[in-house]
Amino acid sequence: MKGFIRVLEAIIASIILIASVSYFFLPTTQQTSWDDVVLSTRTKESLIALEKSGKLAGYVKNNDAASLNNDLRKTLPPNIEFSLEVRDIPNDIIYVECFCSETEKDDLESLLAPLRFGYKDREIDVRIQRLDNLNNINPRTDVAFIIGYENLNPYMSALNSFLDGGGTIFMLGHLTENQVSDGFMNSVFDLRWTGSGGGEGIFYSTVTPSKVSYKIAKYYRGLTGKDPASAAFSEFSGGGVNQIEVTDKSVIITSPGNQISYVKINQFIVNNHGRTVWFSGYDYAKDTQGAQETKNLTKAALMWASGEHYKMDNFKKTPAPSFSESSLLSSIGGDQFELSLLFWKVFF
């Protein structure tokens with residue numbers, strides 16, 4: 001009988017212990033794929049509502065990150081954080097670091113002046129700082145600008161990291177055959193030396209949207225109001241330098257004959273990221289109509305070099321390792337852009 005009582009006491013004590021300990025365990029709910037579907041639908045509907053109201057394009061046009069974030073915050077659950085990215089139009093602020101002398105930096109600012117300018121009812125701001133060492137590019141920088149040829153092989157590791165982060169290397173200067181064949185200009189800029197050529201420069205294509213020359217030509221039209229199909233650039237020169245082959249990556253080529261390139265790009269270089277622009281040297285100090293048109297072309301190329309990818313957050317945000325994305329297409333002045341909403345749960 002005593003043995004039975006002891007067993008009963010042990011059972012009762014166990015029940016009391018389990019009941020006491022369970023107080024410290026909070027109830028949880030299982031997140032299902034259906035919850036994710038509902039949330040994705042909700043974020044997409046929020047973007048569509050902003051687009052239909054006309055607010056979305058207005059916020060992007062005016063760089064009004066605060067209003068855009070506030071409107072979206074009202075429509076999303078409180079346990080969701082988000083970040084906004086704009087793609088396929090020039091960055092609102094283009095951060096440039098010039099690997100050059102102080103005098104060359106001043107020249108670059110004069111070449112691109114005005115540094116704050118209007119394009120398709122948007123305001124774009126170019127901010128230029130001088131860079132002493134290509135191994136120390138600021139992570140915020142969009143464009144590493146180099147005036148004149150520079151052997152970039154010693155900086156290969158740092159520049160690959162910069163490209164992988166979405167940066168652009170822009171080199172403005174004449175090239176000889178040996179310089180084109182230095183390894184870096186072949187593999188990263190994708191330049192190849194070819195036969196002789198020369199003459200005025202024209203756009204490679206102004207009618208094929210898949211060509212980068214089409215995009216830069218569109219920016220040139222937006223800056224100048226001129227038809228890029230009839231534009232001719234007389235400041236470039238071949239004849240022993242700049243004998244760069246013509247491919248679909250060419251932006252400006254010689255006319256007549258399409259023999260060589262004066263401006264050429266490359267993209268998707270490191271892990272599908274990064275861009276380069278090689279721009280033939282010219283006398284940008286000249287005060288002529290031809291020089292001014294080439295300066296306008298340089299600015300149009302810089303707009304593409306910005307990466308056409310920037311954030312519209314009202315403060316710095318870093319998406320969680322696991323996040324979802326909803327995107328929507330819109331347009332400003334005929335220029336189509338994509339707004340992506342990256343969202344993730346901050347608590348459950």
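Kindly indicate the residue of the stretch 280-313 that is modelled with pLDDT under 95, outside any loop (DSSP other than H, G, I, E, B) and out of contact with any Asp or Glu (no Cβ under 9 Å at 6 or more places or on another chain) and also farthest from Lys215 (Cα to Cα) among those meeting that condition.
Gln289
What's the total number of residues in the stretch 217-228 that are crowded, with 23+ Cβ neighbours inside 10 Å and either among the small types (Gly, Ala, Ser) or part of a loop (DSSP other than H, G, I, E, B) (or both)?
1
Among the numbered criteria (1) in contact with a Leu (Cβ under 7 Å, 6 or more places away or on another chain); (2) of a type in the set (Lys, Arg); (3) more than 25 Å from Phe236 (Cα to Cα), which one does Lys317 miss?
It fails just one condition, (1).
Applying the selection to the stretch 275-299, what residues are charged (D, E, K, R) and within 19 Å of the chain's Cα centre (by Cα)?
If the condition is that a residue be charged (D, E, K, R) and within 19 Å of the chain's Cα centre (by Cα), then Arg275, Lys299 are the ones that fit.
Please pick out the residue among Leu191, Leu163, Leu108, Leu159 that is within 24 Å of Pro228 (Cβ to Cβ) and part of a helix (DSSP H, G or I).
Leu108
Would you call Ser324 small (Gly, Ala, Ser) and touching a helix residue (DSSP H, G or I) at 6+ places or on another chain (Cβ under 9 Å)?
Spelling it out, Ser324 is indeed small (Gly, Ala, Ser) and touching a helix residue (DSSP H, G or I) at 6+ places or on another chain (Cβ under 9 Å).
Out of the residues in the stretch 319-348 that are part of a loop (DSSP other than H, G, I, E, B) and in contact with a strand residue (DSSP E or B) (Cβ under 6 Å, 6 or more places away or on another chain), which is surrounded by the fewest Cβ atoms within 10 Å (Cβ to Cβ)?
Among those residues, the one meeting the criterion is Val346.
Any idea which of (1) without any contact (Cβ under 8 Å) to a residue 12 or more places away in the chain; (2) in a strand (DSSP E or B) is the one Lys316 doesn't satisfy?
Just one mismatch for Lys316, condition (2).
Mind telling me which of the residues Ser213, Ser196, Ser261 ends up being surrounded by fewer than 19 Cβ atoms within 10 Å (Cβ to Cβ) and among the small types (Gly, Ala, Ser)?
After ruling out the rest, the residue left standing is Ser196.
So, in the stretch 194-216, how many residues would count as being assigned to a helix (DSSP H, G or I) and free of Cβ contacts under 8 Å to residues at least 40 places away in the same chain?
Total satisfying the criteria: 2.
Looking at Asn153, Asn91, Asn135 in this structure, which one is at pLDDT 95 or above and either in contact with a Pro (Cβ under 6 Å, 6 or more places away or on another chain) or within 30 Å of Leu329 (Cβ to Cβ) (or both)?
Asn91
Given the stretch 229-279, what strands (runs of 3 or more DSSP E) lie entirely inside it while holding 1 or more residues that are without any contact (Cβ under 8 Å) to a residue 12 or more places away in the chain?
Because the criterion is at least 1 residues that are without any contact (Cβ under 8 Å) to a residue 12 or more places away in the chain, the strands (runs of 3 or more DSSP E) in the stretch 229-279 that meet it are 261-270.
Is one or more of the residues making up the stretch 173-191 crowded, with 17+ Cβ neighbours inside 10 Å and small (Gly, Ala, Ser)?
Yes: the stretch 173-191 contains one or more residues that are crowded, with 17+ Cβ neighbours inside 10 Å and small (Gly, Ala, Ser).
Could you tell me whether any residue of the stretch 74-88 is under 30 Å from Lys295 (Cβ atoms), at pLDDT 75 or above and surrounded by 18 or more Cβ atoms within 10 Å (Cβ to Cβ)?
Yes, some residue in the stretch 74-88 is under 30 Å from Lys295 (Cβ atoms), at pLDDT 75 or above and surrounded by 18 or more Cβ atoms within 10 Å (Cβ to Cβ).
The values are calculated or read from the model by the stated rules, or taken from the named source; none is laboratory data. What you see is a predicted model, and the numbers here were worked out from it, not measured in a lab. Please note: Cβ atoms are built from the backbone with ideal geometry, for glycine as well, and neighbour counts cover all protein chains shown.
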